[in-house]
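The values are calculated or read from the model by the stated rules, or taken from the named source; none is laboratory data. Note that this is a predicted model, so its numbers are computed, not measured. Every residue, glycine as well, gets a Cβ built from its backbone with ideal geometry; the counts of neighbours run over all protein chains shown. These accessible areas exclude ligands, DNA and RNA; they are computed on the full protein's heavy atoms, side chains included. Shrake-Rupley method; radii C 1.70, N 1.55, O 1.52, S 1.80 Å.
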Amino acid sequence: MYTIRTEDSFAAAHYIKNYNGKCENLHGHNYKVRIYVSGDKLGKGGMLIDFGILKKILKNVLEELDHKNLNEIPYFAEKEPSAEIIAEFIFNKVDNQLSNYTDADTSFLSRVDVFETDKNLAIFTKQRNI
């Protein structure tokens, strides 16, 4: 199995409604995001997917979050904008765009890491049905 990774970052504010502590107040983070694509078979160029394409997809998704109050984004209307749910959001958005560039039978988005701080991260993966 091959795996490639790229990363980018964004800055955003949020608050956690169902939390009793400092995080219930509006505050911000400089998030770092890593995405991973895995697969068993390489394309003709010897790659799962071109890094340039993968970086562009991630950049497009993060632009939806950058310098925003995450609580005002419709996806988070019913879900808390925690690092875990942000990772899920990014996974779903990247996975949707990635399907235009990869063969789902040979490569797939396998993981998203969202670092809320240098020391704290949330990981989102999805069970892959083969």
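Observations on the model:
- Of the residues making up the range 33-55, those that are of a type in the set (D, E, K, R) and surrounded by 14 or more Cβ atoms within 10 Å (Cβ to Cβ) are R34, K55.
- Failed condition for I85, given (1) over 16 Å from V112 (Cα atoms); (2) under 15 Å from the mean Cα position of the chain (by Cα); (3) not aromatic (F, W, Y): (1)
- Out of N18, N25, N71, N60, one residue alone is touching a Pro at 6+ places or on another chain (Cβ under 8 Å), open to solvent by 10 Å² or more (accessible area, probe 1.4 Å) and over 25 Å from Q127 (Cβ atoms). It is N71.
- Within the range 114-130, tally of residues that are modelled with pLDDT of 90 or more and under 18 Å from Y2 (Cβ atoms): 1
- Every test in (1) touching a residue at least 40 places away in the same chain (Cβ under 8 Å); (2) part of a strand (DSSP E or B) is passed by K17 save one, and that test is (2).
- Single residue of the range 77-95 satisfying the filter (touching a residue at least 40 places away in the same chain (Cβ under 8 Å) and surrounded by fewer than 19 Cβ atoms within 10 Å (Cβ to Cβ)) that is farthest from N25 (Cα to Cα): E84
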